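Asker: So that we are looking at the same thing, I have put the structure below in C-alpha cells.
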Amino acid sequence: MQRILAIVPALNEARNIGAVVDNLKKVSSWLDVLVIDDGSTDQTAEVARSHGANVISLPVNLGIGGAVQTGFLYAVKNHYDVALQVDGDGQHRAEEIQKLIEPILRDRADVTIGSRFLSKTAYKSSWSRRMGIYLLSKTIQSVVRRKYTDPTSGFRAYNQKALRMVSAHYSTDYPEPDAIVTLIKNGVRVIEVSVEMDARISGNSSITPFKSGYYMFKVSLAIILNSMMSRIWPE
C-alpha cells in the first residue's frame, strides 16, 4: 500500500480549512493530511487539528514557497511514496486527486500538475489572469521546449524522486512556474492532467492587480535565469 500525503499550506484560512480537511478525508480516507499553518493570526491551526489534520505551525510567515517546502521535507523525512500539494482555500477538489496520483503510481510521471486549461472545464477566471498564465506558459515553453497550460497551478503530486529535489531546491516566492523548469532540467518527468477546480470557499485572494504585474515580471525573470543555470544533480 502506497503512503500518500496531502500538504495543505494555509495562511489565515480558519473559515475554509475545516471543509478542506473534511473533504480530503471523506473522499480519500487513505490519505494523510498535513496542514502547514504559515504564521496565521487567526484560528487556522486549531480548526485544522479539530478536523483531524496533522499541523505544523510556522513561527513566522514564510510565504507559499517556504510553507510548501516544509511539507516536502516532512514527506521525505517520513518516507511518503507520493505527496500532494492542495490549497487551503477550497479551490482544489478532493475527488480529482485520483487523476493526479494515478500517472505516478503507474510510473508514467514523477510530477503531475492539475490543469484548468488543458481541456475545457467549468472553471472561470478573469481575462487578465488568463493572459498572465498564457504569457508564463509561453516563457516556460521557450526554455524547456514543452507546453504547460497551467504553470501557476498549485494542485500537484510528486513521487519520491521529485520530493527529494523540491525539498532541497524550491523558490520561496510564487514557486510553481519556476519549479517546472528546475524539475525538467534535472530529468524529472512532469506532465499535466486536466482537472476541475472551484472558486475559493470564502475570502479573497492575496494576489491584487498590482501584485499580478510584479509577479509576472519577477517569475518570468526567474524562469529565464533558471534556464541558464547548471543542473542541480548532474549525471
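The values are calculated or read from the model by the stated rules, or taken from the named source; none is laboratory data. Predicted model only: the values in this text are computed from it and were never measured. Backbone-built Cβ (ideal geometry, glycine too); neighbour counts: all protein chains shown. Heads up: the accessible areas ignore ligands, DNA and RNA and are worked out on the full protein's heavy atoms, side chains in. Shrake-Rupley method; radii C 1.70, N 1.55, O 1.52, S 1.80 Å.
Asker: Filtering region 55-86 down to residues that are without any contact (Cβ under 8 Å) to a residue 24 or more places away in the chain and surrounded by fewer than 16 Cβ atoms within 10 Å (Cβ to Cβ), which residue is nearest to Gln2 (Cα to Cα)?
Answerer: Per the stated criteria, the residue is Lys77.
Asker: Test Arg145 against the stated conditions and say whether it is out of contact with any His (no Cβ under 8 Å at 6 or more places or on another chain) and at negative phi.
Answerer: So Arg145 does not fit the description; no.
Asker: Taking region 114-149, which residues are modelled with pLDDT of 95 or more and surrounded by 18 or more Cβ atoms within 10 Å (Cβ to Cβ)?
Answerer: Passing the criteria: Gly114, Ser115, Tyr148.
Asker: Something else now. Output the residues belonging to region 99-118 that are outside any loop (DSSP other than H, G, I, E, B) and free of Cβ contacts under 8 Å to residues at least 40 places away in the same chain.
Answerer: Correct list: Glu102 only.
Asker: Looking only at region 150-198, count how many residues are assigned to a helix (DSSP H, G or I) and open to solvent by less than 30 Å² (accessible area, probe 1.4 Å).
Answerer: Final tally of qualifying residues: 14.
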